[in-house]
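To start, the structure itself, in structure tokens.
The values are calculated or read from the model by the stated rules, or taken from the named source; none is laboratory data. Values in this document were obtained by computation on a predicted structure and should not be read as measured data. Cβ coordinates were reconstructed from backbone atoms using ideal geometry, including for glycine residues, and neighbour counts include every protein chain displayed.
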Amino acid sequence: MIPKQSLSQVPVYKPGKPIEDVKRELGLTEVIKLASNENPYGCSPLAKEAIVNAMDHLAIYPDGASRLLREELATFYNIDENHLIFGNGSDELVLMLSRAYLEPGSRVIMADVTFPQYKSTAVVEGAEIVEVPLKDGVHDLDAMLNQVNEKTRIVWVCNPNNPTGTINTSEEIAQFVEKVPSNVLVVLDEAYYEYVVDSQYPDSLPLVAKYPNLVVLRTFSKSYGLAALRMGYGIAAKEIVDNLNRVREPFNTNSLSQVAAREALRDQEFVTECSRKNRIEMKRFTDKFEELGLHYYPSQTNFILFEVKRDSDEAFTYFLKNGIITRSGNALGCPGYLRVTIGDAEQTTRFLEILESMVAQPLQN
Ligand SMILES: *Cc1c(COP(=O)(O)O)cnc(C)c1O
């Protein structure tokens with residue numbers, strides 16, 4: 001069999017280790033997963049109730065246009081319904097954007113390091129990939145702009161960036177989109193939008209109204225706590241939405257995720273409360289890093305990337321043996337660092353205990 005030639009270059013996504021595997025492999029009974037930036041407080045009870053009620057209609061195909069969710073989200077943001085597109089997680093929107101806008105000979109620009117799906121979907125399409133190093137953990141938008149040429153189709157800006165958690169300010173973003181040629185897509189991936197507290201963070205929707213080449217991606221997976229259901233969305237000019245609809249599968253989002261997302265959207269109190277608790281726990285992490293003299297990147301998300309002063313895999317294994325799954329910086333392109341999701345108060349306490357005991361251990365080399 002002969003697969004598409006570009007596939008041999010595509011890295012296979014390595015997910016965070018599942019809890020059950022770790023329990024079995026290490027013989028542990030208590031394991032905490034702080035590897036995939038999931039919401040430690042679950043999701044709104046309204047979302048669960050909506051799913052139970054929707055169970056009576058499993059024989060029926062979903063509404064391919066997500067009409068009810070579309071209406072509510074358009075009202076929520078006060079935007080036109082035609083400016084929304086839904087995906088099986090915002091991951092699928094990344095895939096659809098690459099599918100619709102990249103081909104051999106086209107160029108795509110992204111940060112190094114950033115969310116890996118921008119690259120892997122571009123490799124499949126055979127596009128030329130330009131990775132621009134972060135500056136102090138933040139997208140270097142001027143350097144990215146310098147890489148834009150007549151072949152460029154997409155510039156990815158992950159804001160806040162995964163895995164550093166850092167943001168570009170509204171001034172930086174506004175200046176950047178002003179300078180990017182109007183036929184080049186700029187995608188602002190705002191998966192952690194609801195967690196951001198920094199007042200310098202851009203309000204990107206007015207920019208979408210002003211710049212028809214701008215796409216904003218958001219998701220129900222993170223602060224809404226619906227990662228299992230896969231529901232993400234894009235906000236963009238109608239022309240872009242129309243092109244994405246050409247590559248979209250007719251029933252890409254399912255009925256259960258649509259109803260759950262609608263209810264979750266109504267429960268803004270839940271989202272606000274999760275963000276509030278997230279900042280409280282985040283402070284405990286950063287206080288401890290300062291006390292221990294470990295560098296970290298200031299994070300506007302529900303995860304943080306910090307220095308471990310030893311090999312990342314060694315630190316990862318230390319936490320794993322103590323029942324906590326994290327992300328090794330080696331797997332993320334950040335050697336010497338570990339990425340950890342901000343859990344609830346109890347999980348933070350446990351994490352910080354293990355961190356202290358690790359730091360107290362002599363280095364192996
Ligand atoms: C988690 C994440 C996503 C994907 O979220 P979905 O679950 O697919 O909606 C997209 N971008 C970034 C930067 C993320 O961290």
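Data overview
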| read-out | value |
| --- | --- |
| Enumeration of residues in the range 1-25 that are part of a helix (DSSP H, G or I) and in contact with a helix residue (DSSP H, G or I) (Cβ under 6 Å, 6 or more places away or on another chain) | Ser6, Gln9 |
| Any pair with Cβ under 6 angstrom, 6 or more apart, that starts in the range 115-136 at a residue that is without any contact (Cβ under 8 Å) to a residue 40 or more places away in the chain and of a type in the set (A, V, I, L, M) and ends at one that is crowded, with 19+ Cβ neighbours inside 10 Å and not in a helix (DSSP H, G or I) | Ala122/Leu102; Ala122/Val108; Ala127/Leu102; Ala127/Val108; Ile129/Val108; Val130/Ile109; Val132/Ala111; Leu134/Ala111 |
| Unique match (being under 21 Å from Glu239 (Cα atoms) and surrounded by fewer than 17 Cβ atoms within 10 Å (Cβ to Cβ)) among Ala100, Ala74, Ala59, Ala143 | Ala74 |
| Any hit, the range 284-291, residues being of a type in the set (A, V, I, L, M, F, W, C), surrounded by fewer than 20 Cβ atoms within 10 Å (Cβ to Cβ), farther than 20 Å from Leu352 by Cα and away from the ligand (no atom under 16 Å from the Cβ) | no |
| Enumeration of residues in the range 44-68 that are assigned to a loop (DSSP other than H, G, I, E, B) and either within 19 Å of Asn88 (Cα to Cα) or among the hydrophobic types (A, V, I, L, M, F, W, C) (or both) | Leu58, Ala59, Ile60, Tyr61, Pro62, Asp63, Gly64, Ala65, Ser66 |
| Residue within the range 93-104 that is more than 13 Å from Leu244 (Cβ to Cβ), small (Gly, Ala, Ser) and within 21 Å of the chain's Cα centre (by Cα) present | no |
| Qualifying positions in the range 338-358 - part of a helix (DSSP H, G or I) and among the β-branched types (Val, Ile, Thr) | Thr348, Thr349, Ile354 |
| Qualifying residue in the range 265-273 (condition: buried (at least 18 other Cβ atoms within 10 Å of the Cβ) and over 21 Å from the mean Cα position of the chain (by Cα)) | no |
| Every residue from the range 179-211 that is of a type in the set (A, V, I, L, M, F, W, C) and either within 11 Å of the ligand (Cβ to nearest atom) or assigned to a loop (DSSP other than H, G, I, E, B) (or both) | Val180, Val184, Val187, Leu188, Ala191, Val196, Val197 |
| Search result, residues across the range 15-29 that are loosely packed, with under 11 Cβ neighbours inside 10 Å and either in contact (Cβ under 8 Å) with a residue 24 or more places away in the chain or on the phi > 0 side of the Ramachandran plot (or both) | Gly27 |
| Scope the range 212-225; condition within 25 Å of Phe176 (Cα to Cα) and either within 16 Å of the ligand (Cβ to nearest atom) or part of a loop (DSSP other than H, G, I, E, B) (or both); matching residues | Pro212, Asn213, Val215, Val216, Leu217, Arg218, Thr219 |
| Qualifying residue in the range 41-52 (condition: of a type outside the set (Ser, Thr, Tyr), at pLDDT 95 or above and buried (at least 22 other Cβ atoms within 10 Å of the Cβ)) | yes |
| Test for Leu34: is it touching a strand residue (DSSP E or B) at 6+ places or on another chain (Cβ under 7 Å) and more than 17 Å from Ala264 (Cβ to Cβ) | yes |
| Long-range neighbours under 7 Å by Cβ, at least six apart or interchain, first residue assigned to a helix (DSSP H, G or I) within the range 292-313, second among the small types (Gly, Ala, Ser) | Ser312/Ser328; Ser312/Gly329; Ser312/Gly336; Asp313/Ser328 |
| Some residue of the range 139-159 being within 14 Å of the ligand (Cβ to nearest atom) and either closer than 13 Å to Asp203 by Cα or over 21 Å from the mean Cα position of the chain (by Cα) (or both) | yes |
| Matching residues in the range 226-255 - criterion: being part of a helix (DSSP H, G or I) and surrounded by 23 or more Cβ atoms within 10 Å (Cβ to Cβ) | Leu229, Ile240 |
